[in-house]
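Coordinate-derived values only; no laboratory data. The shown structure was predicted, so the numbers you read here are calculated from the model rather than taken from an experiment. Cβ atoms come from the backbone with ideal geometry, glycine included; neighbour counts cover every protein chain shown.
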Amino acid sequence: MIPNTVESIRKLVKKFGEKDNLRVCYETGPTGYALYRHFLSLGIECEVIAPSLIPKKPGDRIKTDRRDSINLASC
């Protein structure tokens, strides 16, 4: 997890390498579409996904960031 600041997002993007090969997605939430617009301004393809539309197994009631990120990436 990182702070929702322009500089911290820029640093994170640099760690992952070439922007042409990078695609990001995130759950909608308090960051709104400002994060989406920022990724687009950096030339990075971004998708915003509603948490209610992510398929869940019947037994998965505990919310964890790790599990959520894996589910987002697989969708």
Problem - Lone qualifier among V6, V13, V48 - being over 18 Å from A73 (Cβ atoms) and either within 15 Å of the chain's Cα centre (by Cα) or among the acidic types (D, E) (or both) - result: V6
Fill in the blank from the handout: For segment 1-16, pairs from a residue that is under 16 Å from G32 (Cα atoms) to a residue that is in a loop (DSSP other than H, G, I, E, B) and not small (G, A, S), with Cβ under 6 Å and 6 or more apart or across chains, are N4/T31
